[in-house]
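Asks: I have a structure here, written as structure tokens, and I will follow up with some questions on it.
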Amino acid sequence: MRALRDFNLPKIVVEDRKIFIDLINDLFPAMDPPRAQSEDLELACQQVAVKAGRQPVDSFIQKCVELADILVVRHCMFVIGTPGVAKTAIWKNMAEAFIHTGTETIYDVVDPKAVNSDELFGCMNVKTKEWRDGVLSVMMRDMNKCQGKFKAT
């Protein structure tokens with residue numbers, strides 16, 4: 001129940017969260033286990049936020065920890081949302097908190113709207129059968145080369 005709730009809830013839009021919680025409660029009646037706490041990461045997120053001049057309010061720290069929880073089971077992810085909802089502040093704060101706690105942290109940023117699909121993913125030239133790498137394949141290859149090193153780009 002905790003795994004279903006804690007892993008999926010951060011990915012659900014606010015308007016649909018009540019529906020999701022009701023479904024979980026139907027599947028697991030009378031259960032409400034506490035969230036798994038990562039006190040070291042929460043403290044590091046707070047310290048990094050203060051150092052960066054951000055306000056370490058509970059909801060901000062919670063989002064940083066939720067993002068970290070998703071990364072435990074995913075190798076990469078997209079952070080999406082409307083402008084001004086702190087997407088950049090959250091992932092940067094979480095990454096700096098990882099570095100602060102000694103966790104290997106490698107990240108890169110791409111704007112998928114800045115390039116077309118072939119430039120983003122790579123493509124095969126139909127005539128020559130030659131493969132041309134895209135932005136994401138180059139990034140992944142470069143990150144794989146840096147494995148075992150701390151890097152923040």
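Rule-based calculations on the coordinates, nothing more; no lab input. Because the structure is predicted, anything quoted here is derived from the model rather than measured. No Cβ is skipped: glycine too gets one built from the backbone with ideal geometry, and neighbour counts run over all protein chains shown.
Asks: What's the lysine pair count for the chain at a Cα cut-off below 15 Å, pairs eight or more apart or interchain?
Replies: For the chain, the number of qualifying lysine pairs is 6.
Asks: So what J values fall out for segment 115-126 if you push phi through Karplus, 6.51 cos²θ - 1.76 cosθ + 1.60 with θ = phi - 60°, rounded to Hz, Gly and Pro as x?
Replies: Here the 3J(HN,Hα) series is 9, 7, 4, 5, 6, 6, 9, x, 7, 9, 6, 5 Hz.
Asks: If you don't mind, there's one more thing I want to ask. Mind listing the long-range amide H neighbours of Gly122? Cut-off is under 5 Å, sequence gap 5 or more, other chains count too, H placed in the peptide plane at 1.01 Å from N.
Replies: Gly134, Val135
Asks: In the calculated pair distance distribution of segment 1-59, what percentage of Cα-Cα distances lie above 13 Å?
Replies: When all Cα pairs of segment 1-59 are counted, 69 percent exceed 13 Å.
Asks: Same structure, new question: What distance in nm separates the two pseudo spin-label positions at Ala52 and Thr103, each 7 Å out from Cα along the beta-carbon direction?
Replies: 1.4
Asks: Taking every pair of Cα atoms in the chain, average 1/r, invert it to obtain the Kirkwood radius, and report Rg/Rh to two decimals.
Replies: A ratio of 1.04.
Asks: Here is a follow-up. Per-residue counts of other Cβ atoms within 10 Å, averaged by peptide: what ranking do you get for 39-46, 105-112, highest first?
Replies: Answer by packing, highest mean first, reads 39-46, 105-112.
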